[in-house]
Amino acid sequence: MTTRELLEFPFAPGTVIDGRLVVKEGVEVGGMGHVFCVWDREGERDCCLKTILPGLHPRFCPALDLCELMRRERVTAATLAVDNDFVPRIFQGGTIWVSAEVQGKWHELDLPYYSMERLQGTTFERIIRLQRQQRELLPWRTVVDLSLLCARAVQAVHRRGFIHRDIKPSNIFLHQREDGSRLVKLIDCGISARAGDKLLLGTGTARFGSPESFVPGNAANEAGDNYALALVVYELALWRGPFVAADLRGYACAHQFIAPAGIRQTPTAESAASRFRPDAPPELEDILLRALSKSPADRPSTDAILDALEGIRERLTREGVPPNAHHDRPPGHLALQPGETAIPHAWRRVSASLPAAP
């Protein structure tokens with residue numbers, strides 16, 4: 001009988017995985033997974049190792065097979081990363097046998113994992129939270145530059161024939177390369193699908209779900225990603241999206257039946273937008289509202305969104321608008337909500353000039 005080598009979870013610094021990955025530290029614990037910084041002995045590089053939380057193993061959550069979801073995420077991400085800088089590179093994957101405490105008892109569990117390149121920078125979610133905590137709106141040049149970087153990443157995924165299906169600020173990573181330039185990398189491809197695939201479930205996050213994503217049986221298409229992309233840009237501009245709801249049903253109702261307020265106009269009571277900015281580029285408001293159309297057929301293509309953003313950036317450049325142009329602080333009643341805090345790892349100089357991605 002073969003004795004398995006069991007690793008105690010969470011992994012302590014110095015733990016060796018698969019004979020080549022040496023754990024340095026844990027860097028993030030999410031709602032479903034755990035990420036560790038590791039040193040790859042064979043590749044001689046820092047990278048990240050991602051695995052699921054033991055408590056969400058199929059033994060305890062049979063209705064949600066996260067093991068299969070992570071294996072699918074690894075395969076999809078590896079496919080998308082070939083000759084594509086807009087998705088993290090995947091190095092290896094496999095299964096780790098661990099000893100973990102779940103529900104007060106110790107269990108032997110097989111956890112799927114994969115290692116990927118370690119990114120340097122921060123997520124859009126942290127940028128938005130930091131700006132909200134500091135009560136400073138991003139300058140328009142920065143909003144447009146960040147939106148351009150994100151749109152290029154989404155376009156790259158679509159040109160590979162995939163739909164990401166979980167575009168949201170926490171899955172958009174602003175990565176700084178060794179030469180100092182920046183680009184967006186899309187992470188968490190676990191529910192990505194081939195364009196045209198029939199879907200039993202909607203997008204990953206209700207807050208960023210398109211109207212049609214709440215109806216089972218629709219085909220995956222770029223219109224759903226573009227709707228989510230518009231919501232991300234909306235949040236970059238205003239700190240919050242156009243809709244606020246307490247649960248899945250509330251967001252489904254809002255996305256399907258409530259018209260979003262424009263970023264330049266006074267929000268309606270139904271939209272619950274937190275603020276508006278009359279100085280917003282009118283072309284930006286136009287492309288956002290079209291991308292937020294209830295019907296997928298009425299939304300612009302990814303290429304059209306990218307062209308519109310490039311046009312706005314060119315106009316702002318011609319007019320001499322600097323990347324870090326200041327603006328008035330929002331009124332005092334737009335303070336943080338209870339429990340909201342700053343994210344200390346976010347870059348504080350996000351208003352600096354952002355070079356265009358290649």
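A few notes on this one:
- Distance between region 110-173 and region 221-268 - C-alpha centres, whole angstrom: 17 Å
- Cβ crowding within 10 Å averaged over residues, with 171-178, 238-245 ranked highest first: 238-245, 171-178
- Put simply, the amide H of ARG45, placed in the peptide plane, has neighbours under 5 Å in ASP40, leaving out anything fewer than 5 places away on its chain.
- Cross-link check: pairs LYS105/LYS198; LYS105/LYS168; LYS105/LYS185; LYS168/LYS198; LYS185/LYS294 evaluated at a Cα-Cα cut-off of 32 Å; pairs beyond the cut-off: LYS105/LYS198; LYS105/LYS168; LYS105/LYS185.
- Amide proton proximity set for ILE96, modelled H, under 5 Å, gap of 5+: LEU111, TYR113
- Estimated from the Cβ-Cβ distance and a Förster radius of 35 angstrom, the FRET efficiency linking GLN120 and ARG159 is about 0.85.
- Bridgeable aspartates and glutamates around LYS24 (alpha carbons under 14 Å apart, same-chain partners fewer than 8 residues away excluded): ASP40, GLU44, ASP46.
- Every pair of different Cα atoms in region 121-318 enters the Kirkwood calculation, which places the hydrodynamic radius at 16.8 Å.
- Of LYS294, LYS105, LYS198, the sequence from fewest to most neighbouring Cβ atoms within 10 angstrom is LYS105, LYS198, LYS294.
- Which of GLY196, TRP140, SER210, positive extreme of dipole for region 121-318 (C-beta unit charges): TRP140
- A compact globular protein would have a Cα radius of gyration near 2.2 N^0.38 Å; the ratio found for region 10-117 is 1.06.
- Region 121-318 - charge dipole about Cα centre, Lys and Arg +1 at Cβ, Asp and Glu -1, debye rounded to 20: 320 debye
- Most to least packed among 30-43, 145-158 [average Cβ atoms within 10 Å]: 145-158, 30-43
A short reminder: the numbers here are calculations on the coordinates, not readings from a lab. Note that this is a predicted model, so its numbers are computed, not measured. Ideal geometry is used to build each Cβ from the backbone, glycine not excepted, and the neighbour counts take in all protein chains shown.
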